[in-house]
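Asker: If you scroll down you'll find the structure; I have some questions about it.
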Amino acid sequence: MAGVVAHVVAGTVTFQVSDEVAPGFVDRIDHAFALAASALTSTMVVDLTEVTFLSLEGAAELVTLARHCAEIRRDLRVIPSLSVRRKLTLSGLDTHIPLADA
């Protein structure tokens with residue numbers, strides 16, 4: 001299961017994720033996601049550079065997160081590890097999740 005650390009700096013909430021992104025990922029960041037939904041933050045960054053495994057269910061949760069951010073008009077940037085970027089690109093999900101470079 002992924003370890004998630006969240007911090008807020010200058011209107012941006014950043015989630016640093018380690019290990020793997022599997023089912024339940026979004027549930028574990030709910031508290032921190034509330035920070036991103038607040039008026040105090042305008043951008044959410046999900047740092048997946050330390051992620052070693054991305055399940056398809058975890059990828060689907062990232063798509064859900066991207067849709068939710070769009071609904072509440074918050075910018076989302078996902079910084080993937082090489083393996084995460086490869087999986088999202090090969091599956092076509094990179095068109096639904098805003099990927100950024102580290």
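The values are calculated or read from the model by the stated rules, or taken from the named source; none is laboratory data. No experiment lies behind these values; they were computed from the predicted model shown. Cβ coordinates were reconstructed from backbone atoms using ideal geometry, including for glycine residues, and neighbour counts include every protein chain displayed.
Asker: With respect to D101, determine if the residue is of a type outside the set (K, R), outside any helix (DSSP H, G or I) and loosely packed, with under 15 Cβ neighbours inside 10 Å. Even if it seems obvious, please write down each step before you answer.
Answerer: On the way: of a type outside the set (K, R): yes; outside any helix (DSSP H, G or I): yes; loosely packed, with under 15 Cβ neighbours inside 10 Å: yes.
In short, yes.
Asker: Here's something else I'd like to know. Does region 26-46 include one or more residues that are under 17 Å from I79 (Cα atoms), touching a Gly at 6+ places or on another chain (Cβ under 7 Å), surrounded by 12 or more Cβ atoms within 10 Å (Cβ to Cβ) and modelled with pLDDT under 75?
Answerer: No: region 26-46 contains no residue that is under 17 Å from I79 (Cα atoms), touching a Gly at 6+ places or on another chain (Cβ under 7 Å), surrounded by 12 or more Cβ atoms within 10 Å (Cβ to Cβ) and modelled with pLDDT under 75.
Asker: For residues that are farther than 20 Å from C69 by Cα and without any contact (Cβ under 8 Å) to a residue 24 or more places away in the chain, scanning just region 86-97, find the one that is farthest from the chain's Cα centre (by Cα).
Answerer: Going through region 86-97, the residues farther than 20 Å from C69 by Cα turn out to be 86-87, 89-91.
Then keep just the ones that are without any contact (Cβ under 8 Å) to a residue 24 or more places away in the chain; that gives 86, 89-90.
Working: R86: 16, T89: 15, L90: 18 Å.
The residue in question is L90.
Asker: Something else now. When region 62-85 is examined, which residues are found to be within 16 Å of T41 (Cα to Cα) and more than 9 Å from the chain's Cα centre (by Cα)?
Answerer: H68, C69, A70, E71, I72, R73, R74, D75 - these are the residues of region 62-85 that are within 16 Å of T41 (Cα to Cα) and more than 9 Å from the chain's Cα centre (by Cα).
Asker: How about region 84-98: which of its residues are surrounded by fewer than 16 Cβ atoms within 10 Å (Cβ to Cβ) and assigned to a helix (DSSP H, G or I)?
Answerer: R86, T89, L90, S91, T95
Asker: Let me ask something else. Identify all residues within region 43-66 that are aliphatic (A, V, I, L, M), more than 17 Å from V5 (Cα to Cα) and not in a helix (DSSP H, G or I); write none if there are none.
Answerer: Across region 43-66, the qualifying residue is only L54.
Asker: Could you give every pair whose Cβ atoms fall below 8 Å, whose first residue belongs to region 7-21 and is touching a residue at least 40 places away in the same chain (Cβ under 8 Å), and whose second residue is surrounded by 13 or more Cβ atoms within 10 Å (Cβ to Cβ) and polar (S, T, N, Q), counting only separations of at least 6 or pairs across chains?
Answerer: Every condition considered, the pairs that remain are V21/S55.
Asker: For region 67-83, check the following and say yes or no: at least one residue is surrounded by fewer than 16 Cβ atoms within 10 Å (Cβ to Cβ), assigned to a strand (DSSP E or B) and touching a strand residue (DSSP E or B) at 6+ places or on another chain (Cβ under 8 Å). It would help to see each step written out before you state the result.
Answerer: So in region 67-83, the residues surrounded by fewer than 16 Cβ atoms within 10 Å (Cβ to Cβ) come out as 67, 70-73, 75, 82-83.
If we keep only those that are assigned to a strand (DSSP E or B) as well, we get 75.
Cutting the leftovers down to touching a strand residue (DSSP E or B) at 6+ places or on another chain (Cβ under 8 Å) gives us 75.
Yes: region 67-83 contains one or more residues that are surrounded by fewer than 16 Cβ atoms within 10 Å (Cβ to Cβ), assigned to a strand (DSSP E or B) and touching a strand residue (DSSP E or B) at 6+ places or on another chain (Cβ under 8 Å).
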